[in-house]
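A.B. asks: Starting off with a structure, shown below.
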Amino acid sequence: MKETKLDTKVLSVLGDKIQLIKTEKGAIYLVGPIRLPVNLYGETVIFKWYCWLNCDEVTEDFERIIEKLSSVNLAEFQQSSVLTYGDFEYAEDAIIRMHSICHTGDIFGSKRCDCGFQLKQSMKMIVEHGNGALFYLANHEGRGIGLFSKAMAYILQENDYDTVEANQALGFVDDSRNYSDSIQVLKALRSKPVTLITNNPKKLQALKNAGLVVSGREPLWGDISEYNEKYLKTKINKSGHLEDEGTCCND
């Protein structure tokens, strides 16, 4: 498939919306912001949406990057993105969520996990705070094992394996997620401290190891039921998630 030649109008519209972020392995191309009205608990909230693409090629000739899009079939891969709200770039105090994609929880509303609840609740927390960002990390399905492997892990879980045991039985580590790309994008959008919405100390440590100033942590527990109680307890007992008093799985 040959590359598409752009007309000057398309390039003039898109050129100012693309930002180059150089990395050790190539580049991240960040496109946005894009006005995105979102239905959040029955109300329309206006977010600013960005999406990013990893690429081996490092160039500020954005016309070249755009022309290649139609020939590389990006729909076969996954790209991550970020929603920002309010004056995220410059506000003194901002809250953020590094949210790992969960096809079953985020899209279908599965109650085997708490991911769908965490997605919407963190967006609500950001809006109520007045500014912040939600990073939606597309290569994190099943803590990094992918959707097909996650389906097989679910079958194991229906046969008395917990989430950690299921991942390990398939040859994976418990959690192989990497936050380097999202941290690079965060640094490009904001230089001031952030408060992280998470129960996972590994996420906190990833930000701190990258030199970011983390001013605090907001816990995010909820939607606990008979379907996900074992899953949530495993997060605490085996994956090291922080159990905040009165918020999760108390007997």
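The values are calculated or read from the model by the stated rules, or taken from the named source; none is laboratory data. Not measured: the values here are computed from a predicted model. As a convention, Cβ positions derive from the backbone with ideal geometry for all residues, glycine included, and neighbour counts pool all protein chains shown.
A.B. asks: Based on this model, can you work out whether LYS22 counts as touching a Ser or Thr at 6+ places or on another chain (Cβ under 6 Å) and either at pLDDT 90 or above or of a type in the set (A, V, I, L, M) (or both)?
C.D. replies: It is false that LYS22 is touching a Ser or Thr at 6+ places or on another chain (Cβ under 6 Å) and either at pLDDT 90 or above or of a type in the set (A, V, I, L, M) (or both).
A.B. asks: Taking the stretch 61-88, which residues are of a type in the set (D, E, K, R) and either surrounded by 12 or more Cβ atoms within 10 Å (Cβ to Cβ) or touching a Pro at 6+ places or on another chain (Cβ under 8 Å) (or both)?
C.D. replies: Scanning the stretch 61-88 gives GLU63, ARG64, GLU67, LYS68.
A.B. asks: Which pairs have Cβ atoms under 7 Å, sit 6 or more apart or on different chains, and link a residue in the stretch 144-157 that is over 23 Å from MET98 (Cβ atoms) to one that is part of a helix (DSSP H, G or I)?
C.D. replies: Pairs found: LEU156/ALA166; LEU156/ALA169; GLN157/THR163; GLN157/ALA166.
A.B. asks: Listed residues GLY142, GLY146; which is surrounded by 20 or more Cβ atoms within 10 Å (Cβ to Cβ) and closer than 20 Å to GLN78 by Cβ?
C.D. replies: GLY142
A.B. asks: Can you name the condition, by its number, that GLN79 falls short on among (1) at pLDDT below 95; (2) of a type outside the set (A, V, I, L, M, F, W, C); (3) more than 17 Å from the chain's Cα centre (by Cα); (4) not in a helix (DSSP H, G or I)?
C.D. replies: Failing condition for GLN79: (3).
A.B. asks: Okay, next question. Within the stretch 95-122, track down each residue that is free of Cβ contacts under 8 Å to residues at least 60 places away in the same chain and more than 12 Å from the chain's Cα centre (by Cα).
C.D. replies: If the condition is that a residue be free of Cβ contacts under 8 Å to residues at least 60 places away in the same chain and more than 12 Å from the chain's Cα centre (by Cα), then HIS103, THR104, GLY105, ILE107, PHE108, GLY109, SER110 are the ones that fit.
A.B. asks: Restricting attention to the stretch 38-46, does a residue exist that is surrounded by 12 or more Cβ atoms within 10 Å (Cβ to Cβ) and over 23 Å from ILE101 (Cα atoms)?
C.D. replies: Looking through the stretch 38-46, none of the residues is surrounded by 12 or more Cβ atoms within 10 Å (Cβ to Cβ) and over 23 Å from ILE101 (Cα atoms).
A.B. asks: Please tell me if ASN159 is under 13 Å from the mean Cα position of the chain (by Cα) and more than 20 Å from PRO37 (Cα to Cα).
C.D. replies: Judged against the criteria, ASN159 is not a match.
A.B. asks: Filtering the stretch 3-18 down to residues that are under 12 Å from VAL31 (Cβ atoms) and charged (D, E, K, R), which residue is modelled with the highest pLDDT?
C.D. replies: LYS17
A.B. asks: Just to verify a result, which residue in the stretch 190-206, among those that are in a helix (DSSP H, G or I) and within 15 Å of the chain's Cα centre (by Cα), is surrounded by the fewest Cβ atoms within 10 Å (Cβ to Cβ)?
C.D. replies: Checking each candidate, the answer is LYS202.
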